[in-house]
Ligand SMILES: Cc1cc2nc3c(=O)[nH]c(=O)nc-3n(C[C@H](O)[C@H](O)[C@H](O)COP(=O)(O)O)c2cc1C
Ligand code: SF4
Ligand code: FES
């Protein structure tokens, strides 16, 4: 797919418009988090150019958008693999195999946290509490899809599904 | 099939899931028709039909002694009564940014009962005179954000939200706002900043949100579970709700039990239930091992050793008396295989990671704490480190803009207090008191007991 | 009023006072970093923690309002312990490089650390390192030293109006930075240097040049725009090393524009375009450095001979509006002494039809501080942000508090302030736009209008502006530089007078230069029979006396001015600077002292008299111009040149040293309103902030800023299309040729600027690249180069 660095797609802009409509007319900026999520979905990650595009669209100073993009964990300011797997290693998860699941993944993929497999398919991240500690180990696939009880067999299944 | 075991189920009464696979697709019962079938939106209709005044609604909530389920336990009715009367633009905000390690109850509420939150928010909007509301949803549960949006569509189509609700003249618009990975947005003013499209850096208080909140307008902000409890209070009456629990601790409450139990999950029990009862409902200690310690109120609450917690009942007063905090009702259970230094290292890493970076003691102190704990864990500890940890913690406590500073300090103070000898052992012998293999065996992946009441 | 107790003493303060403010009033110092009286409260550094009776925790004094009966202890054990603990946190990751830090000696962290820090650090880990950022030519960074107080960020957002800096990332990874690869381009950027309490942001031009405690501090007054900002000039070894604001709430508050802060570099400029340090005379086409008496004799002869042979009227004097009151007064006295009325300082003005019709000297029409109290403002013809950065800042603050500010202008630049309404049109249309507003206001008020406006019909924007103005209770109308330079300046003035009359509003002029008011007071303007600045160039004189002026850059028509200089038999130039142009056309160069090397007086735009002393000795053989003029007067045997001090000159002009001059009046009598239409492509000429005067033009750091980029031909998309040009291509611009046969052409890069009205092209003036184009206000031809 050809990625145009200089614009956001119509579909993305439409989604942003829908978010803008949720807030009072003079509070367009409120949609910036959603806009960045959509922009990240479209471009794969948030390059500076993309941040500028969002800033322009929402009439915000670029730095204000950059602040937001760099403050929240789930924005990717660097390119990531096709599948970004984020594993929770916080205490509650760690008590029920969270760390082991991460170790298992590292071994399987041959990468450490914050690395991407050479084929560009997987990026591994260490996550913060996902609010699902009862289902440990928990992991997120591309930010938006949560997988629970990630025992080794489940992890194998997940990797299998990630085509 | 009930998902959870519950005593006097109120919130969780209608929760169900089809099939064994843990997949959202297997949930049922969350849709509008299901909620209505179990009496949903009756409270709202009742209020509107009876033209119950905002003051009367607030009085009922006050009577219930519902205390905020987000962690601070502030009486909800009282909070609502702080909202200025008559100012034209006011907001209702729901805090579903559940990210405190150990807490996962709001996720299940959003999952199985989004309409209870919506109904609770509409009633709250009526009570405080707000025409607009937002539900801020934790970034990591995007699928439930989408579900909530669907539920909103249903509620809109049914006329529960929008202009002139059910012909009552009341209008209320409600929207969902998606978070994207910042624990600090659970702090109410950080959350408001985040809705405003900024970094989630908490505001200095006062002024409180009831005076200067979202977009500078009066705002009431409550936890998801708090809102979800409202329809039941209005349905059964404040007194009935209060009587479910105990004085000063109204109602039932969801407890998120995680860690070394056989059946981690959410359990709804009346306030004041003895802790051992909850432990039993969660299937007891995993592998029959011995209970070592419990963090009773989410990771920010001070840890309690086994003997103390086993004597507690689950309510604000009992837990406070034992030297900890009831918090959000997140119970992290640790057995004898846990190295307390390592456990604290995990926690302090979290607060270091999640400090918003705004105020000096928290920005600089959380990193310092983590570095010292980490060096103890890695066998580089020094004899003076325990004093240092205490000092640094105390120097953060009470000196910061928001309570994250305290939240980072309390675990350190309590771990080093109750398990001092374990830290000392670590410093002296440069290794864990609990052998590595035992730790590892204790925290290896746990095959959840799918059978029984929890699935 | 609230009553409370501070450190055991009873105090009364107004409602809403913060504890830190109350302490300040009481002379009690509470340590702080993030708090700044002009910025919003952040309460993030936690350095100001104090004990409040009954409060369980120490409270930040900067964010805690005083309440009745409160008892505050700023130095109790609890307070001091809290402050010390915060200091420890601040220092754990702060480099201990004070000996090499430029902030050394004026670092709040260093000062406080001495009192609050402990000697050894308990922090044994590796310190955090933060990468430095490129903020441009003015501000240097050492971000590892940053303590994240966010003052600089709040400044860019709140005072400068655009969030050019932010705090990215979170926790201890938080970093103050501009958006990647952007510099801080605000014309107020230097203030963040003052605001930074540590050595993270320092002055790039000043960097490493001196230790601050070795510098002498002297008061002075800014020689640039009409505001007259108060300065602290820091010197060492008879050289100006740095300029800082001297706080004056009535004028510049605690700020300076970058021009005011960094132009001092020009004082030390060298080379063919740098300081003139020796008297020089051109003989047989050759320049020779000569003694003062030789040069003065030469000049006196030239003046006397021409006066004798051709009449004194063949001599003209052009005085820089940045000259001191004393210099202007003596120039005028000299000219009149030899019998010529040809003197003017209004070099960029093109419409002089108001001469003889003014009721007094034109001025701001109000005090500078009163601008902040206006609730409705109309700005007419002003590149406000760049021409008057600190007045723009004042309006920015009032606009935030609800003042409705509207603009009538020829360029839609982003003023970084919330405008209520704006009407943007070609220069020739400004009088009509203003007339529309007059008409609309008259209609709303049910008042009659000037018959000259009979045909005017108010458009929607004019009506909107009118509605705003009519609803105000404290209305001000401000005419900017552009309006004053406009060929129909008289009409604009007269219309404004009518508008103000209808509204009961104040109105006035935003003074272009340090002595725009002083020039009138010093009578450096032609009376009855004399020639004004334009006339002296249009009908060339035999001899020109130049005081601080560089006609080719400072006059309304650079090409015309240059031609006039070239044809003169003698050009006597008193200037602190050399220039290629002057070396070419002048025959006597007399090195005079810039503002920093002479005593003198500027009368600012509100009529405030501000005298100052020299902060250094003159460079080389330069002499204060008032002394040079005194000697010239004596050589010419004129009466009344026996002054012993510049103060004597001032006192003679002002009758002492009043706080404000008298005789200020913006009204005109008997000016007819003319609403003309223009045909053709109109030039919009701005005077870019760092091109505006001889000193700024010679400051290297200023010349490296984004504000000093070479002039381009800016135009709308429609205009580009019409010309068949794409942005980035070169165009050839020719003068319309109507006014000045001397005007040539310029090859410029075409640039898209949606703020330029169609059928206009914006080309900056006051730059060598465009000086040849001729008049600032003229029609031009534009074609592909
Ligand atoms: C660091 C921090 C994190 C918090 N996280 C949450 C959270 O995830 N969910 C929540 O409801 N409240 C959270 N709170 C508490 C909120 O600030 C606020 O008290 C609560 O949402 C109020 O609702 P309630 O009165 O219904 O409990 C947090 C507070 C702090 C200081
Ligand atoms: S305590 Fe920590 S999280 Fe809270 S405002 Fe301060 S720096 Fe931010
Ligand atoms: S000056 Fe008060 S917190 Fe910084």
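The values are calculated or read from the model by the stated rules, or taken from the named source; none is laboratory data. Because the structure is a prediction, the values reported are computed rather than measured. Backbone-built Cβ (ideal geometry, glycine too); neighbour counts: all protein chains shown.
Got at least one residue in the stretch B:356-363 being more than 7 Å from chain C (Cβ to nearest Cβ) and either farther than 16 Å from residue A:89 by Cβ or at pLDDT below 95 (or both)? Yes, that holds for at least one residue. When we screen B:161, B:165, B:123, B:233 for residues that are within 14 Å of another protein chain (Cβ to nearest Cβ) and away from ligand 1 (no atom under 11 Å from the Cβ), the only hit is B:161. Residues in the stretch C:47-61 that are more than 16 Å from ligand 1 (Cβ to nearest atom) and within 9 Å of chain B (Cβ to nearest Cβ): C:47, C:49, C:56, C:58, C:60. Could we say that residue C:655 is free of Cβ contacts under 8 Å to residues at least 24 places away in the same chain, more than 30 Å from residue C:307 (Cβ to Cβ) and surrounded by fewer than 23 Cβ atoms within 10 Å (Cβ to Cβ) here? Judged against the criteria, residue C:655 is a match.
Checking each residue in the stretch B:241-270 for being in contact with a helix residue (DSSP H, G or I) (Cβ under 8 Å, 6 or more places away or on another chain), away from every other protein chain (no Cβ under 14 Å) and within 23 Å of residue B:38 (Cβ to Cβ) picks out B:241, B:242, B:250, B:251, B:252, B:253, B:269, B:270. Is it true that some residue in the stretch C:101-117 is under 19 Å from residue A:68 (Cβ atoms), surrounded by 19 or more Cβ atoms within 10 Å (Cβ to Cβ) and over 24 Å from the mean Cα position of the chain (by Cα)? No: the stretch C:101-117 contains no residue that is under 19 Å from residue A:68 (Cβ atoms), surrounded by 19 or more Cβ atoms within 10 Å (Cβ to Cβ) and over 24 Å from the mean Cα position of the chain (by Cα).
Checked against (1) more than 14 Å from chain A (Cβ to nearest Cβ); (2) buried (at least 17 other Cβ atoms within 10 Å of the Cβ); (3) not in a helix (DSSP H, G or I), residue B:338 passes all but a single condition, namely (1). Those residues that are part of a loop (DSSP other than H, G, I, E, B) and crowded, with 20+ Cβ neighbours inside 10 Å, I need them from the stretch B:368-388; list them, please. Once the filter is applied, which keeps residues that are part of a loop (DSSP other than H, G, I, E, B) and crowded, with 20+ Cβ neighbours inside 10 Å, the stretch B:368-388 yields only B:381. Determine, yes or no, whether residue C:279 is within 30 Å of residue C:141 (Cβ to Cβ) and crowded, with 18+ Cβ neighbours inside 10 Å. No, not satisfied.
Looking across C:156, C:141, C:150, one residue alone is within 14 Å of chain B (Cβ to nearest Cβ), touching a strand residue (DSSP E or B) at 6+ places or on another chain (Cβ under 9 Å) and buried (at least 19 other Cβ atoms within 10 Å of the Cβ). It is C:150. Taken over the stretch B:424-447, the residue count meeting the criterion of being in contact (Cβ under 8 Å) with a residue 60 or more places away in the chain and not in a helix (DSSP H, G or I) is 5. Within the option set A:90, A:143, being farther than 22 Å from residue B:445 by Cα and either within 13 Å of another protein chain (Cβ to nearest Cβ) or touching a strand residue (DSSP E or B) at 6+ places or on another chain (Cβ under 8 Å) (or both) holds for one residue only, A:143.
Taken over the stretch C:89-107, residues that are at the interface with another protein chain (Cβ under 7 Å from one of its Cβ atoms) and part of a helix (DSSP H, G or I) amount to 3. May I ask you to verify whether residue B:227 is away from chain A (no Cβ under 13 Å), under 30 Å from residue B:271 (Cβ atoms) and surrounded by fewer than 24 Cβ atoms within 10 Å (Cβ to Cβ)? Against the criterion (away from chain A (no Cβ under 13 Å), under 30 Å from residue B:271 (Cβ atoms) and surrounded by fewer than 24 Cβ atoms within 10 Å (Cβ to Cβ)), residue B:227 does not qualify. Do the conditions hold for residue B:345, that is, is it at the interface with another protein chain (Cβ under 10 Å from one of its Cβ atoms), surrounded by fewer than 24 Cβ atoms within 10 Å (Cβ to Cβ), outside any loop (DSSP other than H, G, I, E, B) and within 16 Å of ligand 2 (Cβ to nearest atom)? Answer is no for this residue. Give the residues of the stretch C:56-66 that are more than 42 Å from the chain's Cα centre (by Cα) and modelled with pLDDT of 95 or more, sorted by residue number. Residues satisfying the conditions are C:57, C:58. Residues in the stretch A:53-70 that are facing chain C (nearest Cβ under 8 Å) and surrounded by 23 or more Cβ atoms within 10 Å (Cβ to Cβ): A:63, A:66, A:67.
Quick one: which of A:79, A:24 is facing chain B (nearest Cβ under 9 Å) and surrounded by fewer than 16 Cβ atoms within 10 Å (Cβ to Cβ)? Explain how you work it out, then say what you get.
Values: A:79 fails: facing chain B (nearest Cβ under 9 Å).
Checking each option against the conditions leaves just A:24.
For the stretch C:19-34, does any single residue satisfy the condition of being buried (at least 16 other Cβ atoms within 10 Å of the Cβ), part of a loop (DSSP other than H, G, I, E, B), within 14 Å of chain B (Cβ to nearest Cβ) and within 16 Å of ligand 2 (Cβ to nearest atom)? Scanning the stretch C:19-34, I find at least one residue that is buried (at least 16 other Cβ atoms within 10 Å of the Cβ), part of a loop (DSSP other than H, G, I, E, B), within 14 Å of chain B (Cβ to nearest Cβ) and within 16 Å of ligand 2 (Cβ to nearest atom), so the answer is yes.
Being surrounded by fewer than 23 Cβ atoms within 10 Å (Cβ to Cβ), under 20 Å from the mean Cα position of the chain (by Cα) and within 11 Å of chain B (Cβ to nearest Cβ) is true for just one of A:48, A:73. Which residue is that?
Details: A:48 fails: within 11 Å of chain B (Cβ to nearest Cβ).
Result of the check over A:48, A:73: A:73.
Could you tell me how many of the residues in the stretch B:299-321 are surrounded by 17 or more Cβ atoms within 10 Å (Cβ to Cβ) and either at pLDDT below 95 or in a loop (DSSP other than H, G, I, E, B) (or both)? Looking only at that region, the number is 7. Whenever a residue of the stretch B:98-119 is facing chain A (nearest Cβ under 7 Å) and more than 19 Å from residue B:37 (Cα to Cα), its partners that are at pLDDT below 95 and surrounded by fewer than 24 Cβ atoms within 10 Å (Cβ to Cβ), lying with C-beta atoms within less than 8 angstrom and at least six residues away or across chains, give the pairs B:99/A:128; B:104/A:135.
Residue B:175 meets all of the listed conditions (1) buried (at least 24 other Cβ atoms within 10 Å of the Cβ); (2) touching a strand residue (DSSP E or B) at 6+ places or on another chain (Cβ under 7 Å); (3) at the interface with chain A (Cβ under 8 Å from one of its Cβ atoms) but one, namely (1). Just name the residue that is nearest to the other protein chains (Cβ to nearest Cβ) out of those in the stretch B:389-423 that are more than 22 Å from the chain's Cα centre (by Cα) and not in a helix (DSSP H, G or I). Among them, the one singled out is B:399. Checked against the criterion of being on the phi > 0 side of the Ramachandran plot, within 16 Å of ligand 1 (Cβ to nearest atom) and more than 14 Å from chain A (Cβ to nearest Cβ), the stretch B:66-87 contains one or more residues that satisfy it.
Take the stretch B:153-172 and flag every residue that is touching a strand residue (DSSP E or B) at 6+ places or on another chain (Cβ under 6 Å) and either touching a residue at least 40 places away in the same chain (Cβ under 8 Å) or within 16 Å of ligand 3 (Cβ to nearest atom) (or both).
Going through the stretch B:153-172, the residues touching a strand residue (DSSP E or B) at 6+ places or on another chain (Cβ under 6 Å) turn out to be B:156, B:161.
Residue satisfying the conditions is B:161 alone.
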